[in-house]
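> Here it is, the structure in full.
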């Protein structure tokens, strides 16, 4: 679990052209699509500001306090409305067409964050975490139309994390991980409030969940596990069975951030560390690694969201330029598209990608 300072980083992803148990727009040709990306952009005062981009155009969002970091963790478009979930100055909520909608925390003295969103008919689901001033922990849960529903942790005195949300008919899947009494992060998901643990490579090491997808009766959970050699191993669970994904170097860490299902194909986004300790962006399709070009070959890049539209693959993320600055953008069929930051000399990050047919 990350510290409270970095508590609010990305989360569950909803994708065009894939089935995640949530409504998605119709796909179209690349020229007919509007690409939305969202995340944060650092301003001249080194404050992280929430933002989203339409194609490559920046849209800044209002914040509660301009001297405290804020961010968008997920953006979706539903019936012409733009929903951007995240946190404003440490408080959980979402922006609806650029208007901030706060969500209540069980402990209003503590920080919170919306990690993922889903709109089902007229209902707004938002999953995330909230702080507890009594236990000094992060508590998992979700909001349904503004009402907080806590989820049980393995140990109420330990941190939990939420990273994915999928509502299918009347079933609510929330993916994440919980620390057990030994301070080990255990991967799993809650189904209608009941915790379902997932297998680990090594029960004495942490495992991390980063996204969930549900189709028919199959539950896919993407993430990575630390093995006995302390190496982060990428993969996914299908109905509690672990499937390891290949790394560029078996002795280096690799990370998974998102999952997309398109027919019988399984796409997993993330990055692999190479022998030079550079984070290489890309995705696995049915277990085969597809590398994406960075801005600068000897600098790191990250993929944090995936969209599969017909045969087109879009990946949102960020890449380091020659000046050592993280540049926000996305790859469309392997071609990098940078989006405009608030300040080109400061770091900016894309956490979410969504596509709408024009």
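> Sequence gap at least 6, Cα distance under 8 Å: using those rules, report the relative contact order of the chain to the nearest whole percent. Please report the intermediate quantities before stating the final value.
Values: 1111 pairs, mean separation 62.4, N = 358.
After rounding, I find 17 percent.
> Which of the three applies to region 193-281, rounded, prolate or oblate, going by the alpha-carbon gyration tensor with a ≥ b ≥ c and a/c under 1.5 meaning rounded?
Values: a/c = 2.49, a/b = 1.36, b/c = 1.83.
Cα axes put region 193-281 in the oblate bin.
> Give, in nm to one decimal, the length gained when the segment between residue 274 and residue 34 is fully stretched (0.36 nm per residue of separation minus the Cα-Cα distance).
83.1 nm
> While we're here: Connecting C-alpha atoms closer than 10 Å in a GNM of the chain, tell me which of 125, 52, 330 has the biggest fluctuation.
For the chain, modelled as a Gaussian network with Cα springs under 10 Å, the answer is 125.
> Also: Where does region 4-357 land on Rg/Rh, using Cα atoms and the Kirkwood Rh? Let's see the in-between values first.
Details: Rg = 18.5 Å, Rh = 19.9 Å.
On the Cα set of region 4-357, Rg over Rh gives 0.93.
> I would also like to ask the following. Just to be sure I understand: with springs between alpha-carbon atoms less than 10 Å apart, which residue in 108, 56, 139 has the highest mean-square fluctuation in the Gaussian network model of the chain?
Among 108, 56, 139, the largest GNM mean-square fluctuation belongs to 108.
> How high is the FRET efficiency from residue 144 to residue 227, r the C-beta distance, R0 41 Å, rounded to 0.05? Provide the component values of the computation, followed by the final result.
On the way: r = 38 Å, r/R0 = 0.92.
Once rounded, the FRET efficiency stands at 0.65.
> While we're looking at this one, here's another question. Pick out which of 311, 41, 319 has the largest mean-square fluctuation in a Gaussian network model of the chain, springs linking Cα atoms closer than 10 Å.
Comparing 311, 41, 319 in a Gaussian network model of the chain, the most mobile one is 311.
Read the figures in this text as sums done on the coordinates, not as results from a lab. Owing to the predicted nature of the structure, the values given are computational and were not obtained by experimental measurement. Note that each Cβ is placed from the backbone with ideal geometry, even for glycine, and that neighbours are counted across all protein chains shown.
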